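Worksheet: one structure, shown below.
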Amino acid sequence: MIGIVDYGMGNLFSVSKALERLGADYFISADKAELLNADALILPGVGSFRDAMERLQVETIKEFAATGKPLLGICLGMQLLFEESEENGPTKGLGLLPGKVRRFPGTTPAGETYKVPHMGWNRLEFVKDSPLLNELTEDFVYFVHSYFVDADNNDALLAKADYHEQVSAVVGRDNIFGMQFHPEKSSKLGMALLDNFLKMASERETVR
């Protein structure tokens, strides 16, 4: 059973529809007991980092992460997994992964300007083996974001993408995972990534 965290800032409809297409049992909830009882959690997110941290049940997410059960952050939800964001001034994140979130500068070192937010399809480059990437092939996924986690010196980096900066596109360490793009809107590869996350949750439940 997959829990989708409802804190008023996630695209719950598109994530839940993707899980339905994959045949997964899921629920949407803000209730601590229900969320902690899930076999895996998905933390979606759209909007401001600071607003999200103010609304989020931080201790509930940290308590779930400590159980060892799989946790997946999507888009803003991925950024919340990290230590801090510079959006609207420095704001502390969940601190489940090391690193900071910063804004695309909008200007290259050569002085050329580019569009922010980053919106569109970019190709993933796999960096490190992970059950999340098992049997998958590098392909394009759909991004919508103005802030990112730098891929340089990111020891949780699983896959990166290039948008004038090296972007941490897929991250993972132990049972904590994140995707900067929207897998539910990313065609075949996005759905395959979600399916691998579901398999991880199912395999852990079987072992338990």
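For this structure, a couple of remarks:
Results for (1) within 19 Å of residue 83 (Cβ to Cβ); (2) outside any loop (DSSP other than H, G, I, E, B); (3) touching a Phe, Trp or Tyr at 6+ places or on another chain (Cβ under 9 Å), shown as yes or no for each residue.
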| site | (1), (2), (3) |
| --- | --- |
| 122 | no, yes, yes |
| 128 | no, no, no |
| 155 | yes, no, no |
| 172 | yes, yes, no |
| 188 | no, yes, no |
| 191 | no, yes, no |
| 194 | no, yes, no |
| 197 | no, yes, yes |
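- As for the stretch 91-108, it holds no residue that is closer than 21 Å to residue 195 by Cα and not in a helix (DSSP H, G or I).
- When residue 111 is tested against (1) touching a Gly at 6+ places or on another chain (Cβ under 9 Å); (2) on the phi > 0 side of the Ramachandran plot, only condition (1) is not met.
- Any hit, the stretch 189-200, residues being within 26 Å of residue 27 (Cβ to Cβ), touching a residue at least 40 places away in the same chain (Cβ under 8 Å) and over 16 Å from the mean Cα position of the chain (by Cα): yes
- Identity of the residue in the stretch 130-153, of a type in the set (A, V, I, L, M) and part of a loop (DSSP other than H, G, I, E, B), that ends up surrounded by the most Cβ atoms within 10 Å (Cβ to Cβ): 151
- Residue within the stretch 60-69 that is assigned to a loop (DSSP other than H, G, I, E, B) and in contact with a Phe, Trp or Tyr (Cβ under 8 Å, 6 or more places away or on another chain) present: no
- Top-ranked residue in the stretch 69-125 [being open to solvent by less than 50 Å² (accessible area, probe 1.4 Å) and aromatic (Phe, Trp, Tyr); ranked as nearest to the chain's Cα centre (by Cα)]: 82
- Of all residues in the stretch 164-183, those satisfying the criterion of being within 24 Å of residue 115 (Cα to Cα) and open to solvent by 20 Å² or more (accessible area, probe 1.4 Å) are 164, 165, 166.
- Inside the stretch 1-13, residues that are assigned to a helix (DSSP H, G or I) and either loosely packed, with under 15 Cβ neighbours inside 10 Å or at pLDDT 95 or above (or both) make up a count of 1.
- Pairing residues of the stretch 81-109 that are within 25 Å of residue 162 (Cβ to Cβ) with residues that are assigned to a loop (DSSP other than H, G, I, E, B) and of a type in the set (Phe, Trp, Tyr), at Cβ distances under 6 Å and at least 6 apart in sequence or on separate chains, gives 93/82; 97/82; 99/82; 101/82.
- Residue within the stretch 31-47 that is at pLDDT below 95 and either in contact with a His (Cβ under 6 Å, 6 or more places away or on another chain) or small (Gly, Ala, Ser) (or both) present: yes
- Applying a threshold of 6 Å to beta carbon distances and a minimum spacing of six or more residues, or different chains, the list of pairs starting in the stretch 140-152 at a residue that is at pLDDT below 95 and ending at one that is part of a strand (DSSP E or B) and among the charged types (D, E, K, R) reads 151/160.
- Within the stretch 129-151, considering residues that are among the charged types (D, E, K, R) and in contact with an Asp or Glu (Cβ under 9 Å, 6 or more places away or on another chain), the one farthest from residue 89 (Cα to Cα): 138
The values are calculated or read from the model by the stated rules, or taken from the named source; none is laboratory data. Small disclaimer: the values here were computed from a predicted structure and weren't measured. Every residue, glycine among them, receives a Cβ derived from its backbone with ideal geometry; neighbour counts consider all protein chains shown. Surface areas here come from the heavy atoms of the whole protein model, side chains and all, with no ligands, DNA or RNA. Shrake-Rupley method; radii C 1.70, N 1.55, O 1.52, S 1.80 Å.
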